[in-house]
Amino acid sequence: MATMRDVRLELAVDPVYWQDLPEIRIEFNQQVLFNSPLHKPKTFSWIMPAQDLNRLSIFFLNKQDSDTVDQLDKAVVVKAIALEGLQYPSFMHRSRYRPDYSEGYYQYAKEQGITVDPVIHSNYLGFNGEWYLEFTWPTFTWIYETETNNLGWIYEKNI
C-alpha cells in the first residue's frame, strides 16, 4: 500500500555487449532493487519510500579492458528516468556518473592528453562505476524547481 511519502520511479536501461552480459545493481537509498546481468533493454518501475534526500543509483560491475575491442564494447545506457510518472530531459541532465576508470584507460588518457574527471555527466556507462540521480522530497517541488530553474512562484514547504 502506497503512503504519502512514497515516490514512483521508472528507469529504462539498455545493455551494450558483444560477448559477456553487463552486470548491474540498481539501488534506491541504498536498498537493492535489482542485481543481475542485463541481457535486453529493460524498463523498471517501483514505488519506494522517500526520504528528504533520495538517491537512485545504477552500479556497472563487470567491465574489463578486454570488453572494448575496435568498435565493440560492453556498457549500459540509461535511456530514460521518470519520477511520479513524469519524464523530463532535465532529470537526465541532473544525473551524474562516477566512473571507476581502469589503469589501461588512465594510461591511454595520459598519452592522449585527455583530462580524466572523477564525476561526469553521461548516460553511457562505459566503465564500472556508479550512475546516480539525487532528488529531494517533496518530489513534485523538486520537479518544479528542476524544470523551471527556480523561476516562478511556488507555495512554501510546510510538511
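The values are calculated or read from the model by the stated rules, or taken from the named source; none is laboratory data. The structure presented is a predicted model; accordingly, all values stated were derived computationally and were not measured. Quick reminder, even Gly has a Cβ in these numbers, built from the backbone with ideal geometry, and neighbours come from all protein chains shown.
Scanning the stretch 1-27 for residues being more than 18 Å from F140 (Cα to Cα) and either in contact with a Phe, Trp or Tyr (Cβ under 9 Å, 6 or more places away or on another chain) or aliphatic (A, V, I, L, M) (or both) gives a total of 11. Looking only at the stretch 1-54, residues that are closer than 20 Å to A75 by Cα, hydroxyl-bearing (S, T, Y) and in a strand (DSSP E or B) come to 2 in all. In this entry, L33 passes the filter for residues that are without any contact (Cβ under 8 Å) to a residue 24 or more places away in the chain, within 15 Å of L133 (Cβ to Cβ) and not aromatic (F, W, Y).
Tell me, which residue of the stretch 91-115 that is among the hydroxyl-bearing types (S, T, Y) and over 21 Å from D14 (Cβ atoms) is surrounded by the fewest Cβ atoms within 10 Å (Cβ to Cβ)? Checked the stretch 91-115; the qualifying residue surrounded by the fewest Cβ atoms within 10 Å (Cβ to Cβ) is T115. When every residue of the stretch 69-83 is checked against the conditions, at least one turns out to be in contact (Cβ under 8 Å) with a residue 24 or more places away in the chain, in a loop (DSSP other than H, G, I, E, B) and over 24 Å from R5 (Cβ atoms).
Please find, among A80, A50, A109, the residue that is in contact with a Lys or Arg (Cβ under 8 Å, 6 or more places away or on another chain) and aliphatic (A, V, I, L, M).
Details: A80 fails: in contact with a Lys or Arg (Cβ under 8 Å, 6 or more places away or on another chain); A109 fails: in contact with a Lys or Arg (Cβ under 8 Å, 6 or more places away or on another chain).
Residue meeting the stated conditions: A50.
Being surrounded by 16 or more Cβ atoms within 10 Å (Cβ to Cβ) and modelled with pLDDT of 95 or more is the filter; apply it to the stretch 68-79 and report the residue that is farthest from the chain's Cα centre (by Cα). So the residue we want is K74. If you scan the stretch 36-52, which residues turn out to be farther than 30 Å from M4 by Cα and either modelled with pLDDT under 95 or surrounded by 12 or more Cβ atoms within 10 Å (Cβ to Cβ) (or both)? Across the stretch 36-52, the qualifying residues are P37, L38.
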